[in-house]
Each structure stands twice: as C-alpha cells, then as structure tokens.
Amino acid sequence: MAVGIILKSWGRFSCLWRALAAASLVALAAPSMAQTRPPSTQAAQSPSVPVADGVELANAGDSTRLTFDLTARVDPQAYVLTDPDRVIVDLPEVDFQIDPARGQPAAARLPGRRTASGAQPLAGAVASYRFGLVAAGKSRVVIDLAGPVRILRVACEPGPDGRGARLVIELGRSDRASFLAEAARAGRERAAPAAQPLSSPISPRDASISPETSLPVVVLDPGHGGIDTGALGASGALEKDIVLEFAKALAARLEAGKQVRVVLTRDSDVFIALGERVRRARAAGAALFISIHADTLTDDRSVSGATVYTASDKASDAEAARVAEKENQADATGGLDGRDDQSDVTDILFDLTRRETRAYSNVFARTLVGYWKDIGSLNKNPHRFAGFRVLKAHDVPSVLLEVGYLSSDSDLAELTAPDWREKATAVVARAVEGFFRARGSENPARTATGADPFGGLAPVMAPSAPH
Ligand SMILES: [Zn+2]
C-alpha cells in the first residue's frame, strides 16, 4: 500500500504542473548565466528596483553602524531573532550589486570560504551579514550577532549630496535578558497578522489533480538562492549560481531524453525555504527529487569529488553530519524564524512509507554513484547518509548531490566549465533514466491503472550497472 502511495505520484499531472513545467522551459530557453557574479539580473528586468552599490560597517562610540548606499529610498522593517541570534531588516526588492564576501569575516574570504564559526566579529557585535532577495519583490539584510544588541535606529536617509539614499542600521550594546525580551515581543508582533508563507505558489498535494497518464516527474532542486549564496569559492564563484546552472543543464538533458518530466524548485536567483522545496516536490507529484549542491572545506583544499547523500536519522560519519548541519542552516541564513518552517503533517502510513522511500532513495544513490564514475571524480565513500531537512519528504525518493568542492582548485575549474557541466549532466541524466527504466517506467500506462509500475521489482534490487 505504501508503495502505491509513492507510485501514485508518477501519474499525477495538473494545470499547476504544466505551469511549473512551462516556467522551467522558459528558464531553459534563457541565455546562460555568466560564470562571474551577475551584477544586476533584477535591475535589468525592473528599472524601478533600487540598486545598492556600496556598504560600510563601522563602530561609532558605543554603537555599530551598517550603511548601504542606494539609488532610491526604501522603507525598512527591522526586528531581532534568536536561535541563532540575528537582526533582520526587511526591505522591498533591492538589487544588491555588492560582493557577498564583504559581509563575511576575513577567515571566510580565503579560497573555499564560508562563514567560519568562531571567527572574529566584523565590528562590535556584528559577526557577519548578508543581503539579497528572499521572495519575489522582497529583499532582506540579515546580521549575525556575536552578542546581544539593541536596535537603536533603522532608517533611510537622503544620500550624500542629496543623491540617492542611505539605509542606516545602528545597533547598540544590550544584555541577554533584554535581547530575549525584545525577540519575544517582535515575535508576538509578527505573529499577530495572519502569517504569510514566504513563497508558496503551489499547494501541497491536491486531491483534485487529475491522474493523467504521464512520464515520471523528476524535481531538480538547485540549493540556496537569493540572500543565501551557499558556499563561496575563490574568484567570486557562488554555490547558488553553480548549482542553478547545473540544474538547468540537467533539466534540458532530461527533457530532451523524453523519458521523464522535469520541474525545478527554482529557476532564478531567489531564496526558497527548505520546507518549501519539499512541498514543491510533493505538489508536483515527484517520483524522484534531486537536490544539487557544491561543498567547501576551509581547512583542507585537497579534498575533491562528488558525493551523493540520502536521508537517515543517524549520520553515516562525521563528515556527512557536518554537511547536513551546514545545508540545514539555509533557513536561518535566509533570516527565517524556526517557526516559519511549516513541516508537513504525517499520516498513519508515514513510517512504513518513509522506510520504503528511503530504500528507493538508496537505490538511486547507488545508481548515480555508479554512473558518475564515468566522469571520474568521486569523494571517497561517495554515498553517505545524514539528516538533511530538504530530503525529508516521506513519500518521494530523494537524494542530495554535492557535485564537488569549491575549495578544491581542480573541482572549481570543472564546476565552472561548460564542457564539464555537459558531461556531468549527461551522466546524471543517464542515471535517472536508468533508475526509472529498471523499475518499468517505460510503460507509464500502468501507472494510470494503479498497477505496480515498478514491475514488481523490490526496492533493494540493484540497478543495472553502467558499462
Ligand atoms: Zn549547499
């Protein structure tokens, strides 16, 4: 019965899905993003969006000031959040043409950089900060704190010489009790109006979706986006851009193969919460979910190669636990409160379904590792397990592919090279098609009848090995 729940999704197909698929195709038709940081994708589309082109952080007496130079005034809304402690400044859409590394401590600006835990604060209680899009039309500044602060002033002033505007965020010292009290007050205030999900264009599984016969749906999930850059590589390479390019290229491959349908959780540079990614996969009727990331290590630049992760309550090893912890920080990075994660409700078949789903996830992970060998670089122990939140759909076989390490010179050169991307996405596409072929998906009509489209194959059955 549980297998039926997994497999029902194969035939799920709707207007909603078509809209998403169309969006994916539009994205595929778009010109390829440059390897260097695109300075102004938002402004090109919306001339009225204010541009931020300068930032400064400085201590002034007992306070710390973070200022952004803008081309036009904005209306900021600021509050504090705990776990971890942060100051959030919500803004209308702003096109930040500023290197994200400016907000990171020096230790994290080395090759293979990412915010180093325990690094010296940048100034005062400001440990680091970041900025960017969190949803359509909404930008945000997130300031990570090294100690309790009080928001003294957040305002938009006229710019120097009366041109443009300057966003000023001024923070003063505080004590722990006052900070917690302020966070609680701000939380109550934000909870008062009906909570709006950050972005939710599609609803979770909709019973009204007509079960049209269809190819299996593969949901590709480029990690991070918007304010969440993911790992930072040398020469300004950002994980969020690399994985988006990879996902778009893989989507094009898969669509061309005509054996599966593809939906992307994001096709532009926008932040999406982890729970929302899972919801989008389930709403699209995913038969397979592939989250795409790139790793980084600050202390060992010799480690390289791809790794495939699947969900597990207990991590396979310390390294897998580290990667899961890092990737699970995405919501906090985007400035979300813990309660913004609207977890899916479970049902009576949850555990049984999840067990079987994980078995299929493991089959795909082994299949993918087998095919990836064709293009060489694999991490040692290339299939690992840990508690990734983005892999938590209990009824969608899900893997997280770390395509390589931005901290490795050889990996970074490959990850940013179009011809390597072509080869790598071709291999992943073959693995996806091999996975479904092994389960009898070449006869999709069977899904419409409710018969077992896996052709009776047990999930533990090994995939056909690549030659
Ligand atoms: Zn990542």
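The values are calculated or read from the model by the stated rules, or taken from the named source; none is laboratory data. Since the structure is predicted, the reported quantities are computational estimates derived from the model, not experimental observations. Here the Cβ positions follow ideal geometry from the backbone for every residue, glycine too, while neighbour counts run over all protein chains shown.
Which pairs turn up if I take residues in the range 156-183 that are β-branched (Val, Ile, Thr) and look for partners that are not in a strand (DSSP E or B) with beta carbon separation below 8 Å, at least 6 apart in sequence or on another chain?
From residues that are β-branched (Val, Ile, Thr), the pairs are Ile169/Pro76.
Is it the case that some residue within the range 71-85 is modelled with pLDDT of 80 or more and of a type in the set (Gly, Ala, Ser)?
yes
Which members of the range 294-303 meet the condition of being within 16 Å of the ligand (Cβ to nearest atom) and surrounded by fewer than 20 Cβ atoms within 10 Å (Cβ to Cβ)?
Answer for the range 294-303, where residues must be within 16 Å of the ligand (Cβ to nearest atom) and surrounded by fewer than 20 Cβ atoms within 10 Å (Cβ to Cβ): Leu297, Thr298, Val303.
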